[in-house]
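**Q** Provided herewith is a single structure, encoded as structure tokens, for subsequent inquiry.
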Amino acid sequence: MREALDLCLQCKGCKHDCPVSVDMATYKAEFLAHYYKGRLRPRSAYSMGLIMWWARVAMLAPGLVNLLLRIPGLGEALKTAAGFTNEREVPAFAGESFQNWFQRQPRMTDGGRRPVMLWPDTFNNYFYPNTAKAAVRVLEAAGYYVSVPQAPLCCGRPLYDYGMLDLARRHLLQIVDVLRPDIRAGVPVVGLEPSCLSVFRDELRNMLPDDEDAQRLACQSKTLSELLLATPGWKPPKLMAKALVQTHCHHKAVLDADKQHEMFEKIGLKLQPNPTGCCGHAGSFGYEADHYPVSMVIAEQALLPAVRSAGSDTLIIADGFSCRQQIQHGAGRYPLHPAEVLELALKNERITVAREIEERLRQSPASVDPTTGMAALAAIAAAGALAVWLGRRSARSLRPS
């Protein structure tokens, strides 16, 4: 059974497409929880399943962590130890988390604005904070007063995928406890990462069925497109451009993908045909050494050829972290999140789409500051030399005279 479920990408496509709505993702999570009870799990479960904790540690010195993971030899050894494929680069940590950035911003008075909470998921908080920053500007332009929880919360999606259900449930209980006042006040919660938002709309209902506030949170959780299209008086900004859209599997299976396409059409995008399903990355699946080849075969069926054939004046849009990683890795294009696309429309700047994409690529957290990197490398070398010198001195002092 374990081997049969090993290639399940947990995309939840079956939940949406199957005539009887068989949910293999949930079945796999339940099976893994029982199978590994009292046993050691694969290395990837501890490295990628616990990413919410590793990310917080990495943010103490993100530049140094990025450097260590890219030093020839050392980076490969660290990835191998984590069960991570050496065919991909580890996603680079941002210099500052979105939560920290938001806390530093001067806050506008609510002034009768509608309240909304923006969910700081692990991926956009620590890796792609520009996405969440764009969402703040878009929501404020739509007349909302944005709040962001500052507690270190995580929906537990990676835990769920690896069958760490007890730990995932504790995370959900913590979320409901922290957000309870806003939940009871009816404040909508906007999620930017479909895999995280789908936890609130799906797993949360199943794991906390008797918690009324958990059920309220499930109902109040919205995608950006769902919220904006339901906002009275919202006028979509215009962005006349061609676009190729990759919609996350969880968005199609659990959320309302039609709303997102409706929003794109309202702002003036001309959507290019893209007959593809799963990107093949599927969260941590495409990072795992054993699953990388399968991941790329799936991506090459339709998605990556479509991206490569798209012109430089065509926006590449993807709402999922893993989808964006797959497109960057396999086609060398920088996909924009829908929030970034809306921010582009709000700017209405007289620049070409291609130039804007290139500018965003330069500003993406995937690049490591060479000055910081060299300084960190020098510090590591100095520390190593000092350790060797102290070790030799200690050894000499212990020699018999």
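A short reminder: the numbers here are calculations on the coordinates, not readings from a lab. Being a predicted model, the structure only gives us computed values, none of them experimental. Note: ideal-geometry Cβ built from the backbone for every residue, glycine included; neighbour counts use all protein chains shown.
**Q** Hey, quick one: spin label on E89, modelled 7 Å out along Cα-Cβ, who in segment 30-68 has an amide N within reach, i.e. under 18 Å?
**A** So the set is 62-68.
**Q** Which links in K133/K270; K12/K235; K238/K259 stretch past 28 Å when you go from one Cα to the other?
**A** On the way: K133/K270 25 Å; K12/K235 33 Å; K238/K259 17 Å.
Correct reply: K12/K235.
**Q** Using Cβ counts within 10 Å as a stand-in for footprinting exposure, how do Y160, Y334, Y36, Y126 rank, fewest first?
**A** On the way: Y160 29, Y334 20, Y36 16, Y126 25.
Starting with the residue having the fewest Cβ neighbours, the order is Y36, Y334, Y126, Y160.
**Q** Take the Cα of K270, step 7 Å along the line toward its Cβ, and report every residue of segment 308-326 whose backbone nitrogen sits under 20 Å from that point.
**A** Backbone N within reach: 308-318.
**Q** Could you tell me the ratio Rg/Rh of the chain? Both radii from Cα atoms, Rh via Kirkwood. Show your work: numbers first, answer last.
**A** Numbers: Rg = 22.4 Å, Rh = 22.5 Å.
Using Cα coordinates only, the ratio equals 0.99.
**Q** So if R0 is 56 Å, what FRET efficiency would R205 and T109 give, r being the distance between their Cβ atoms, rounded to the nearest 0.05? It would help to have the intermediate numbers written out before the result.
**A** Details: r = 36 Å, r/R0 = 0.64.
Efficiency computed from Cβ-Cβ geometry: 0.95.
**Q** Arranged by the count of other C-beta atoms within 10 angstrom, fewest first, what order do M52, M207 take? Working shown, then result.
**A** On the way: M52 21, M207 18.
By the 10 Å Cβ count, ascending: M207, M52.
**Q** Moving on. Could you work out how far helix 292-301 tilts from the main Cα principal axis of the chain, as a 0 to 90 degree angle to the nearest 10?
**A** 30
**Q** Hey, what number do you get for the chain at 222 nm if only DSSP H runs of n ≥ 4 count, each worth -39500 (n - 2.57), divided across all residues, to the nearest 500? Mind dumping the intermediate values first?
**A** Values: 24 runs with 216 residues, N = 401.
Per the formula, -15000 deg cm²/dmol.
**Q** Among bridges DSSP assigns within the chain, what percent are antiparallel (round to 5)?
**A** The antiparallel proportion sits near 5 percent.
**Q** Against the longest principal axis of the chain, how steep is helix 257-266, in degrees 0 to 90 to the nearest 10, with axes from Cα atoms?
**A** In the chain, helix 257-266 runs at an angle near 70 degrees to the longest axis.
**Q** For a test of the definition: using alpha carbon positions, the gyration tensor, and the 1.5 limit on a/c, classify segment 98-229 as rounded, prolate or oblate. Numbers along the way, then the final one.
**A** Values: a/c = 1.88, a/b = 1.45, b/c = 1.30.
Prolate.
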